[in-house]
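Each remark here refers to the structure printed beneath this line.
The values are calculated or read from the model by the stated rules, or taken from the named source; none is laboratory data. Everything quoted here is computed from the prediction, not taken from an experiment. As a convention, Cβ positions derive from the backbone with ideal geometry for all residues, glycine included, and neighbour counts pool all protein chains shown.
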């Protein structure tokens, strides 16, 4: 890191106290360069009709980062995590990134999937489109038994009118478990006139994780 970059990071630390948990650098939630080795090599999963690119299994440090991003309200961390995903995967033939929306009635201060998408967008130079919504209030997937996760109504998610028609989209979520949410999101995109190129998540866990 150059002297100007170091001074800028220190100034950021004074305004927003933070330090990389991996190297201790000041003024950042985590260093992009520190995250990249944790995601190498990346994983590709098959969720049936949806192809999934994911940074790794939902365990160890990757899991800890996911929990801090999701439950710690750490949006700056999510942006860097998204940049890491965008750096290790090549840009696909797509027109936009579409994050999975927060559930109706959610009390979270921000949408971690949208923040991840914004980080990826910075690396891929693609727009982020808020193109989906939940049709009704529903418990989060992590709060449901696996059987109920898989039995999510086929129309649980709906397209926002006019936002995704004709678009080739990359779906973005934080963690994939059964893959049901991503499949329902892909179906909603299709009903809105769009097409899912692939899905991206920070981590993937075949079983329920907190």
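Just a few scattered comments:
- Within segment 53-94, the set of residues being in a strand (DSSP E or B) and at pLDDT below 95 comprises 57 only.
- One residue stands out among those in segment 1-25 that are under 22 Å from residue 85 (Cα atoms) and surrounded by 13 or more Cβ atoms within 10 Å (Cβ to Cβ): the one that is modelled with the lowest pLDDT, which is 18.
- Any hit, segment 34-57, residues being at positive phi and buried (at least 16 other Cβ atoms within 10 Å of the Cβ): yes
- For segment 181-196, filtering for residues that are surrounded by fewer than 20 Cβ atoms within 10 Å (Cβ to Cβ) and in a strand (DSSP E or B) leaves 1.
- Residue 97 at pLDDT 95 or above, assigned to a strand (DSSP E or B) and assigned by TED's automatic domain parsing to the domain that holds residue 67: yes
This table checks each residue for (1) touching a helix residue (DSSP H, G or I) at 6+ places or on another chain (Cβ under 7 Å); (2) over 16 Å from residue 78 (Cβ atoms); (3) buried (at least 19 other Cβ atoms within 10 Å of the Cβ).
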{"residue": "89", "(1), (2), (3)": "no, yes, yes"}
{"residue": "92", "(1), (2), (3)": "no, yes, no"}
{"residue": "96", "(1), (2), (3)": "no, yes, yes"}
{"residue": "99", "(1), (2), (3)": "yes, no, yes"}
{"residue": "107", "(1), (2), (3)": "no, yes, no"}
{"residue": "113", "(1), (2), (3)": "no, no, yes"}
{"residue": "121", "(1), (2), (3)": "no, no, yes"}
{"residue": "126", "(1), (2), (3)": "no, yes, yes"}
